[in-house]
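The numbers here are math on the coordinates, done by the rules we state, and not lab data. Bear in mind the structure is a predicted one, so any value in this text is a computation, not a measurement. All Cβ positions, even for glycine, are placed from backbone atoms using ideal geometry, and neighbour counts span all protein chains on display.
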Ligand code: CND
Ligand code: ZN
Ligand code: ZN
């Protein structure tokens, strides 16, 4: 029996209050309106950014269905949709590509102005939500909301992918992998023979390492306070790894010494103000490029001397690795299918959606890289 045009009742993980466990609830998912798509999700990753919301560091309206690293199939489409049809394999993307705004028209930019990141409303493009639970509207999260059996997204926030791609793997192309890999290739533009520093060796930082290696970096120094992350970092391409806790002096001094003063590219993939500064300080004053990837607490500001940039450093940042999502995400899936990068190695745990709070515990305890929730 077709569900098209009807409200679907299904399971989803709802965040009602900050710093509380997610609650598995029965939610109602309304049918897609014009230029919207309802997706049956099959798998979703759990990213550090979801955790930042729960901790109150990344603002988005509550109550909310989090999750932004998912893959699934189209259940039904609203009027006017041409990008996909029911049955298509898709990835919802947290940065849209509307194709019409000044950013989409700029070949060197990707942060489409119709994103819901800068000033999150927690809604569809039309300002309303498609989720209700216990009679209350539930917000969407950065145009995706993948911690649910079904979600509704705008046509500008979905990409069609190879139907043969395994959803429980390529869901990571929805955020973590793409963010790290693109930060190395598109944002830093890592050069062959260069020296790179990656601070934070979670799913995002390890994806930076994959990108640095693909670009031909000669040295890739991984930095993390959790030494359990070192083995995988080395498997993926780190040439050495250090913990700041093993040194008396600041880690940027250690990194400068280790590299003979020549860190070409540095990446912050933690989401802290102090590590953002460490990454900036460790790269070469005249030609170093430092990329901010982590999402620091929204309430914190950084104080730094402009001299750090006057000498020639470049300081950059990017969401989703600077990829234009509609143009690039399907190609990344094709590259994965052609074995061009070791995405599977980022996956350490697989759990059913019901065990989502365990997935966050594994992340907090530093035991997981990526947990995939099967839906
Ligand atoms: P995850 O929590 O898995 O990794 C963070 C890593 O940092 C862990 O291995 C920690 O042990 C390590 N760490 C913590 N404190 C320190 C420290 N002081 N020094 C060195 N290492 C430390 O998170 P993730 O990999 O999923 O995400 C990393 C960040 O990237 C996080 O802030 C997330 O919100 C952000 C992000 C950004 C984007 C984007 O588009 N820019 C997309 N997704 C996630
Ligand atoms: Zn746009
Ligand atoms: Zn993410």
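Packing-wise, with mean Cβ within 10 Å as the measure, how do 300-312, 147-159 rank, highest first?
Answer by packing, highest mean first, reads 147-159, 300-312.
For region 1-71, what is the convex hull volume of the alpha-carbon atoms per residue, in Å³?
Given the Cα convex hull of region 1-71, per-residue volume reads 110 Å³.
Fewest to most neighbouring Cβ within 10 Å: what's the order for 319, 73, 372?
Working: 319 21, 73 16, 372 24.
Exposure proxy ranking, most exposed first: 73, 319, 372.
For region 281-300, list residues with backbone N below 19 Å from a point placed 7 Å from the Cα of residue 307 toward its Cβ?
281-288
Just check region 132-190 against the gyration tensor rule for me: Cα atoms, a ≥ b ≥ c as the square roots of the eigenvalues, rounded for a/c under 1.5, and otherwise prolate or oblate depending on whether a/b exceeds b/c.
Prolate.
Between residue 225 and residue 23, what length in nm is gained on full extension when 0.36 nm per residue of separation is reduced by their alpha carbon distance?
69.6 nm
For an R0 of 51 angstrom, estimate the FRET efficiency from the Cβ-Cβ distance between residue 300 and residue 327 and round to the nearest 0.05. Walk me through the numbers before you get to the answer.
Working: r = 34 Å, r/R0 = 0.66.
Approximately 0.95, to the nearest 0.05.
So if R0 is 22 Å, what FRET efficiency would residue 128 and residue 85 give, r being the distance between their Cβ atoms, rounded to the nearest 0.05? Walk me through the numbers before you get to the answer.
Working: r = 24 Å, r/R0 = 1.10.
E between residue 128 and residue 85, to the nearest 0.05, is 0.35.
Taking every pair of alpha-carbon atoms in region 229-271, what share in percent sits in each 10 Å bin, from 0 to the bin with the longest distance?
All Cα pairs considered, the percentages come to 22, 56, 22.
Calculate the length of the line joining the C-alpha centroid of region 56-128 to that of region 301-375, in whole Å.
Result: 17 Å between the Cα centres.
Region 143-293: Rg/Rh from Cα coordinates, Kirkwood Rh?
My calculation of the ratio gives 1.04.
Modelled label-to-label distance, residue 59 and residue 16, 7 Å Cα→beta-carbon offset: nm?
2.4
Taking region 282-321, how much of its Cα-Cα pair set, in percent, is spaced more than 12 angstrom apart?
The calculated P(r) of region 282-321 puts 64 percent of pairs beyond 12 Å.
Sorted from fewest to most neighbouring beta carbons within 10 Å, what does the list 373, 353 look like?
Neighbour counts put them in this order, fewest first: 353, 373.
Semi-axes, largest first, in whole Å: what does sqrt of 5 times each Cα gyration tensor eigenvalue give for region 254-309? Kindly include the intermediate steps, with their values, before the conclusion.
Working: eigenvalues 84, 30, 16 Å².
Each semi-axis is the square root of five times an eigenvalue, giving 20, 12, 9 Å.
Which translational diffusion coefficient, to the nearest whole µm²/s, is obtained for region 24-132 from the Stokes-Einstein equation, given a Kirkwood hydrodynamic radius over C-alpha pairs, 37 °C and 0.692 mPa s? Please report the intermediate quantities before stating the final value.
On the way: Rh = 15.4 Å.
Estimated via Stokes-Einstein, D reaches 213 µm²/s.
Counting every Cα pair in the chain, what percent are over 29 Å apart?
That fraction is 39 percent.
Hey, any idea what the orientation-averaged projected area of the convex hull of region 103-162's Cα atoms comes to, in nm²? Mind showing how you got there, number by number?
Numbers: hull surface 22.2 nm².
With the hull built on Cα positions only, its mean projection is 5.5 nm².
Would you mind getting the Kirkwood hydrodynamic radius of region 260-375 from its Cα pairs, rounded to one decimal in Å?
Hydrodynamic radius (Kirkwood, Cα only) of region 260-375 equals 17.1 Å.
Work out Dmax and Rg for region 86-218 from the C-alpha atoms and quote the Rg first, both in angstrom.
17.1, 58
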